[in-house]
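Chemist: This is the structure I want to talk about, given as structure tokens.
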Amino acid sequence: CPQRERQGQIDVTKSKAGDRVLSLGAGLLALLREHKRSQAEERLAYGIPRTSWDWMFTGLDGKPIQHDTDRRAWKAMLNAAGLDSRIRLHDLRHSAATHLLVLGTDSRTVMDLMGWSTPRMAAVYQHVVDDVKRNIADRMDVKLGLGDGSSS
């Protein structure tokens, strides 16, 4: 977020809930480690010295990428996929929160994962999709003794 970076220093998160440790699956962790290794090799190949910065996604100089770099890459990916270029990178937070809802993740865990300090944020980020409604209807059928819980 460009508003969070000032004169080469990164400010603290917007809320205490935003300062958190995330759990990663083994597959994603392996990809990130490979990215970090590849990035270090790239710097060596270009003769760029290691910096005191220890960011996961950087420019060749090891400093954080410019705030517009990821947005431009996102727009290029959308165009390559033939998707609406008005979709914002930030919209992925809505998708992530909605996927957590679809997975049936409890609200406290969603708050922690998303870095929300209040449950009211769910109303902003989570969107009820047909799969969630269908699942509830199936479960109600089972509770009422009207079916086996599988939609037709």
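The values are calculated or read from the model by the stated rules, or taken from the named source; none is laboratory data. Here the structure is a predicted model, which is why all the values come from computation and not from measurement. Glycine also receives a Cβ, built like all others from the backbone with ideal geometry; neighbour counts cover every protein chain displayed. These area figures cover heavy atoms from the full protein model, side chains too; ligands, DNA and RNA do not enter into them. Shrake-Rupley method; radii C 1.70, N 1.55, O 1.52, S 1.80 Å.
Chemist: Treat every Asp and Glu Cβ in the chain as -1 and every Lys and Arg Cβ as +1, leave all other atoms uncharged, and give the resulting dipole magnitude about the Cα centre to the nearest 20 debye.
Modeler: 420
Chemist: Another question about this same structure. Tally Lys/Arg at +1 and Asp/Glu at -1 over every other residue whose Cβ is under 13 Å from the Cβ of VAL102; what's the total?
Modeler: 0
Chemist: Turning to a different aspect of this structure: Report, in degrees rounded to the nearest 10, the 0 to 90 angle that the Cα long axis of helix 69-80 makes with the longest principal axis of the chain.
Modeler: Helix 69-80 sits roughly 60 degrees off the main axis of the chain.
Chemist: Counting only heavy atoms of protein chains, what accessible area per residue, in Å², does the chain have with a probe of 1.4 Å?
Modeler: Each residue of the chain exposes 77 Å² on average to a 1.4 Å probe.
Chemist: Could I ask something else about it? Could you tell me what percent of the accessible area of the chain is made up of carbon and sulfur, with a 1.4 Å probe and every protein chain present?
Modeler: Answer for the chain: carbon and sulfur cover 57 percent of the accessible area.
Chemist: Sticking with this one: Would you mind counting up the charge near MET114? Only other residues with Cβ under 10 Å from its Cβ, with Lys and Arg at +1 and Asp and Glu at -1.
Modeler: Taking every Cβ under 10 Å from that of MET114, the sum is +1.
Chemist: Answer rounded, prolate or oblate for the chain, using the Cα gyration tensor with square roots of eigenvalues a ≥ b ≥ c: rounded when a/c is under 1.5, else prolate when a/b is larger than b/c, else oblate.
Modeler: Prolate is the answer for the chain, as a/c is 1.5 or above and a/b outweighs b/c.
Chemist: Against the longest alpha carbon principal axis of the chain, how many degrees, from 0 to 90 and to the nearest 10, is the axis of helix 130-143 turned?
Modeler: Compared with the principal axis, the helix lies near 40 degrees.
Chemist: Let me ask something additional. On C-alpha positions alone, give me the angle between the axis of helix 26-45 and the longest principal axis of the chain, in degrees, nearest 10.
Modeler: Computed tilt is about 20 degrees.
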